[in-house]
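Chemist: Here you go, one structure.
The values are calculated or read from the model by the stated rules, or taken from the named source; none is laboratory data. Predicted, not measured: the structure shown is a model, and the values here were computed from it. Neighbour counts are summed over all protein chains in view; Cβ atoms, including those assigned to glycine, are modelled from backbone coordinates with ideal geometry. Calculation scope for accessible area: heavy atoms of the full protein, side chains included, ligands and nucleic acids excluded. Shrake-Rupley method; radii C 1.70, N 1.55, O 1.52, S 1.80 Å.
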Amino acid sequence: VENILGKESRPNLHFVEGNALSKKDVEKAASIFQTGEVAFINEGLLRYLTHAEKTSVAKNILLILKERGGVWITPDIPLVGAFDKLSSRSEEAKKLTADVNKMTGLNESNYFKNEAEAMTFFEKLGFTIEKHLFTEVFDQLSSRDILSLPKETIRGAI
């Protein structure tokens with residue numbers, strides 16, 4: 001973690017190992033901060049989970065948010081065909097995606113049919129949804145500066 005954050009890490013930022021499907025592990029992660037609001041942030045998790053597992057994770061997180069307040073931030077709402085629509089992806093990138101899908105057992109049956117279905121899924125569980133585009137926060141990305149990445153490189157990945 002020190003390599004990611006540098007030598008001076010933030011006292012309010014913690015990385016916790018655990019299983020998001022386990023209510024106990026989610027409660028343990030939130031308990032690091034004894035009072036106040038919490039933020040759960042994940043990326044690259046939900047696309048590997050079945051709808052039942054997504055429900056379990058969401059309920060575990062919502063339980064804490066109802067008690068403490070806070071947010072769950074995830075860019076990880078998998079939609080059927082989303083990767084197919086990225087025409088700029090190279091054949092190599094497409095092959096890599098197919099290989100990862102095969103190795104992990106990932107398949108689109110775990111994805112949402114469209115954005116409306118995803119929003120309904122989370123709203124029915126009790127979440128209030130706020131959608132923000134990556135482009136809204138592009139100029140606020142600290143990782144771009146830390147990694148000395150040119151703006152053009154990042155914009156090309158959007």
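Chemist: Where the second residue is open to solvent by less than 90 Å² (accessible area, probe 1.4 Å) and among the polar types (S, T, N, Q) and the first is within 21 Å of Glu67 (Cα to Cα) and lies in segment 8-28, which pairs have Cβ atoms under 6 Å and are six or more apart or on separate chains?
Modeler: Listed by first residue and then by second, the contacts come to Leu21/Ser56; Lys23/Asn60; Asp25/Asn19; Val26/Asn60.
Conditions tested, residue by residue: (1) surrounded by 18 or more Cβ atoms within 10 Å (Cβ to Cβ); (2) β-branched (Val, Ile, Thr).
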position: Ala39; (1), (2): no, no
position: Leu46; (1), (2): yes, no
position: Val57; (1), (2): yes, yes
position: Val71; (1), (2): no, yes
position: Thr74; (1), (2): no, yes
position: Leu79; (1), (2): no, no
position: Ala82; (1), (2): no, no
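Chemist: Can you pull out the residues in segment 90-110 that are assigned to a helix (DSSP H, G or I), closer than 19 Å to Asp76 by Cα and open to solvent by 60 Å² or more (accessible area, probe 1.4 Å)?
Modeler: Step one: filter segment 90-110 for residues assigned to a helix (DSSP H, G or I), giving 91-104, 108-110.
Filter once more, keeping what is closer than 19 Å to Asp76 by Cα: 93-94, 96-98, 100-101, 104, 108-110.
Hits for segment 90-110 are Lys94, Leu96, Thr104, Glu108, Ser109.
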